[in-house]
Amino acid sequence: MSDHSNSDVLIRIRDLSVGFGSHVVLENLDLDIFRGEILGFVGASGAGKSVLLRSILDLNKRQHGTIEILGVSYSDADPKIRQVIDQELGVLFQHGALFSSLTVLENIQMPMREYFKLDVRLMNELALLKLDLVGLSREAAIKYPSELSGGMIKRAALARALSLDPQILFLDEPTSGLDPIGASEFDELIVKLRDSLGLTVFMVTHDLDSLFSVCDRIAVLGEKRVLVEGPLETMLEFDDAWVHAYFRGKRARSIVVNAG
């Protein structure tokens, strides 16, 4: 973290605790997310990865601690400031979470309708441009989610997440359910979008291929906090049984061999 200045920190989390009733999921967690990086956030199943993502977005309430987004304490900000920040956040939820009763075009336009009063023709053109951006044919615009493949659903949901040209993109298990080729293509798309649009990406994932190939930095959740964060080399050197098994296990070694 010392290589970054305070101006590089787009999200700053300090002493965060989140629980449900008597069950504490996150406790005294600290994490910074830096401008322009792809951060892979990983941990055992049920450790609280998605809970942290939803807590950043204020969908889960904090027990205590602070979360600053773009220098503002998001949950404490007045509604007008929150609305400005909301427009800088794009979210791809697990499984896409598209509205089944809306076409792909209408799904992409949902954020536009929520925040702006735009001419329908302009919204149509903007939505089609987002389809181009994520590599979907414009013919997909009139389809409903039930008519799409898993990979197409992910890309349509990504187009919706990019609808308002956000600074920060949140991805919750973006390659889950995709075949290896589809997952690899999606990873490549995320890197391309980060580089071309100047995005900062917070990616909750369990996909070793994604962690090895596209993430600039990795943060590991364990024991209700961030156990270790840094580049892949830091993960490989960290003395913890779960981290060692995850990053040096048989499957991880095969990915490294195949990459070489």
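Summary of computed values
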read-out	value
Residue match in the stretch 65-77 (condition: farther than 23 Å from Glu173 by Cα, in a loop (DSSP other than H, G, I, E, B) and modelled with pLDDT under 90)	yes
Matching residues in the stretch 200-242 - criterion: being free of Cβ contacts under 8 Å to residues at least 60 places away in the same chain, part of a loop (DSSP other than H, G, I, E, B) and in contact with a helix residue (DSSP H, G or I) (Cβ under 8 Å, 6 or more places away or on another chain)	Asp207, Phe238
Pairs where the first residue, in the stretch 101-113, is free of Cβ contacts under 8 Å to residues at least 40 places away in the same chain and the second is not in a loop (DSSP other than H, G, I, E, B), C-beta under 6 Å, 6+ apart	Leu105/Ala127; Leu105/Ala141
Residues that are surrounded by 14 or more Cβ atoms within 10 Å (Cβ to Cβ) and more than 21 Å from the chain's Cα centre (by Cα), drawn from the stretch 64-79	Gly65, Ala77
Of all residues in the stretch 110-134 being outside any helix (DSSP H, G or I) and modelled with pLDDT under 90, the one that is nearest to Glu88 (Cα to Cα)	Phe116
Condition broken by Arg113, with the remaining ones in (1) in contact with a helix residue (DSSP H, G or I) (Cβ under 8 Å, 6 or more places away or on another chain); (2) charged (D, E, K, R); (3) surrounded by 15 or more Cβ atoms within 10 Å (Cβ to Cβ) satisfied	(3)
Options Ser146, Ser137; residue that is hydroxyl-bearing (Ser, Thr, Tyr), under 25 Å from the mean Cα position of the chain (by Cα) and under 25 Å from Asp187 (Cβ atoms)	Ser137
The listed residue being more than 30 Å from Asp32 (Cβ to Cβ) and either free of Cβ contacts under 8 Å to residues at least 12 places away in the same chain or buried (at least 20 other Cβ atoms within 10 Å of the Cβ) (or both), out of Leu89, Leu162, Leu158, Leu136	Leu136
Check on Leu178, modelled with pLDDT of 95 or more, within 27 Å of Ile11 (Cβ to Cβ) and not in a helix (DSSP H, G or I)	no
Members of the stretch 27-47 found to be in a loop (DSSP other than H, G, I, E, B), over 21 Å from Arg194 (Cβ atoms) and either in contact (Cβ under 8 Å) with a residue 24 or more places away in the chain or charged (D, E, K, R) (or both), listed by number	Ala44, Ser45, Ala47
Inter-residue pairs, beta-carbon under 7 Å, first aliphatic (A, V, I, L, M) and in the stretch 48-77, second at pLDDT below 90 and not in a strand (DSSP E or B), 6+ apart	Val51/Asn60; Ile67/Tyr74; Ile67/Ser75
Among (1) out of contact with any strand residue (DSSP E or B) (no Cβ under 9 Å at 6 or more places or on another chain); (2) surrounded by fewer than 16 Cβ atoms within 10 Å (Cβ to Cβ); (3) closer than 26 Å to Ala156 by Cβ, the one test that Glu106 misses	(2)
Residue list for the stretch 194-244, filter: crowded, with 18+ Cβ neighbours inside 10 Å, among the polar types (S, T, N, Q) and more than 14 Å from Ala47 (Cβ to Cβ)	Thr200, Ser210
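Residues checked against (1) polar (S, T, N, Q); (2) under 14 Å from Val25 (Cα atoms):
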| position | (1), (2) |
| --- | --- |
| Gly46 | no, yes |
| Arg54 | no, yes |
| Gln63 | yes, yes |
| Glu68 | no, no |
| Gly71 | no, no |
| Arg82 | no, no |
| Val91 | no, no |
| Ser100 | yes, no |
| Thr103 | yes, no |
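The values are calculated or read from the model by the stated rules, or taken from the named source; none is laboratory data. No experiment lies behind these values; they were computed from the predicted model shown. When we count neighbours, we look across all protein chains shown, and the Cβ atoms used for this are built from the backbone with ideal geometry, even at glycine.
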